Amino acid sequence: MERVGRSVRPAGNAFGWNGGSRWSRRPPDAEWLTGAERFFPGERASSGESFPSWNRGEGERTVSFHLNLETETVDHAYPKPPLCVDVEATVADAVAALNEAGRGGAIVVENGRVVGVFTERDVLQMIAAGESLDQPLRSKMTPNPVTVRKSDTVGRAIELMATGGYRRLPIVDDDHRPIGTVTVSGILHYLVEHFPTIVYTLPPRPHHTLQEREGA
């Protein structure tokens, strides 16, 4: 038994996170799943850390979550219209376009086709290095960016963003012309709207395990 203030609660594996600020008793038949297994059955998180699946309905929600990510396309994830800047422009031109549109990144095009991307991060790096913004955009853009097609799934976009560390991906047509941009914020909007039960019941740090027992 463990004393917490004036109350007493059993300690150990009989208790676990229930998605809010409370702790509740783990059902006898609850299965402990890694974060990856909870969303993608059969896969394991590299950390090996685990957290519980709390009820029999959890499996059904997990399967639904997995199927939707692998079937619904990126045009369901609230893509933004493409913000394009010609490759012959200067960095200052691109910065002005970003400011005017209130966007964090632009697609660099040549003859209407995607050849690069330029983001606010590139601007900050140039400012930190004391560089002039009157340089050719071609020399400061990220060339040959990773792109997705309208037919690619939300799951595919998430995979590319996670592995590459991207916050936005250009959406292109069959001629490699930009038709939109899928963003992290758009995907989060999609996830919250389609899977509120799963998203809202995640603990703030789902892969975190306590090193020491709570309480005195």
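Each value in this text was obtained by applying a stated rule to the coordinates, not by laboratory testing. Because the structure is a prediction, the values reported are computed rather than measured. Note: ideal-geometry Cβ built from the backbone for every residue, glycine included; neighbour counts use all protein chains shown.
With r as the distance between the Cβ atoms of ARG149 and GLU120 and R0 = 41 Å, compute the FRET efficiency 1/(1 + (r/R0)^6) and round to 0.05. Working shown, then result.
Details: r = 25 Å, r/R0 = 0.62.
According to the calculation, E is roughly 0.95.
Taking the alpha carbon gyration tensor of segment 75-192, what are the square roots of 5 times its eigenvalues, largest first, to the nearest whole Å?
Working: eigenvalues 119, 48, 29 Å².
Over the Cα atoms of segment 75-192, the ellipsoid semi-axes are 24, 16, 12 Å.
Gain in length, GLU193 to GLU72, computed as 0.36 nm per residue apart minus the alpha-carbon separation, to one decimal in nm?
42.2 nm
Show the residues, 5+ positions off or on another chain, whose built amide H is closer than 5 Å to the amide H of VAL172.
Answer set, sorted by chain and number: VAL148, ARG149, LYS150, ILE179.
Provide the per-residue ³J(HN,Hα) series for segment 138-146, in order, calculated from phi with Karplus coefficients 6.51, -1.76, 1.60 and θ = phi - 60°, each as a whole number of Hz, with x at glycine and proline positions.
4, 7, 10, 6, 8, x, 6, x, 5
Which listed residue (GLN125, VAL91, SER185) has the Cα farthest towards the positive end of the charge dipole for segment 75-192, taking +1 on Lys and Arg C-beta and -1 on Asp and Glu C-beta about the Cα centre?
Farthest along the dipole direction, towards plus: SER185.
When the chain is fully extended, how far beyond the present Cα-Cα distance does ASP134 get from GLU88, taking 0.36 nm per residue of separation? Mind showing how you got there, number by number?
Numbers: separation 46, 0.36 × 46 = 16.56 nm, distance 1.18 nm.
Going from the current span to full extension adds 15.4 nm.
Which net charge results when you count Lys and Arg as +1 and Asp and Glu as -1 among the other residues whose beta-carbon is under 15 Å from that of PRO79? Mind showing how you got there, number by number?
Numbers: positive: LYS80, ARG103, ARG149, LYS150, ARG156, ARG167, ARG168, ARG177; negative: GLU72, ASP75, ASP152, ASP173, GLU193.
Taking every Cβ under 15 Å from that of PRO79, the sum is +3.
Mind giving me the FRET efficiency for SER185 and ASN111? R0 is 35 Å, r the Cβ-Cβ distance, nearest 0.05 is fine. Before the final figure, lay out each step's value.
On the way: r = 30 Å, r/R0 = 0.86.
Step by step, r from the Cβ atoms, then E = 0.70.
Can you give the charge dipole size of segment 75-192 about its Cα centre, rounded to the nearest 20 debye, using +1 on the beta carbon of Lys and Arg and -1 on the beta carbon of Asp and Glu?
Working: 12 positive and 15 negative charges, 75 e Å.
Rounded to the nearest 20 debye, it is 360 debye.
Using amide H atoms built in the peptide plane, which far-off residues or other-chain residues are under 5 Å from VAL115 H to H?
The answer is VAL108, VAL109, GLU110.
Across segment 114-125, in residue order, what do the Karplus-derived ³J(HN,Hα) couplings come to in whole Hz, using 6.51 cos²θ - 1.76 cosθ + 1.60 with θ = phi - 60° and x for Gly and Pro?
Calculated HN-Hα couplings, in order: 5, 10, x, 9, 9, 10, 4, 5, 5, 5, 4, 5 Hz.
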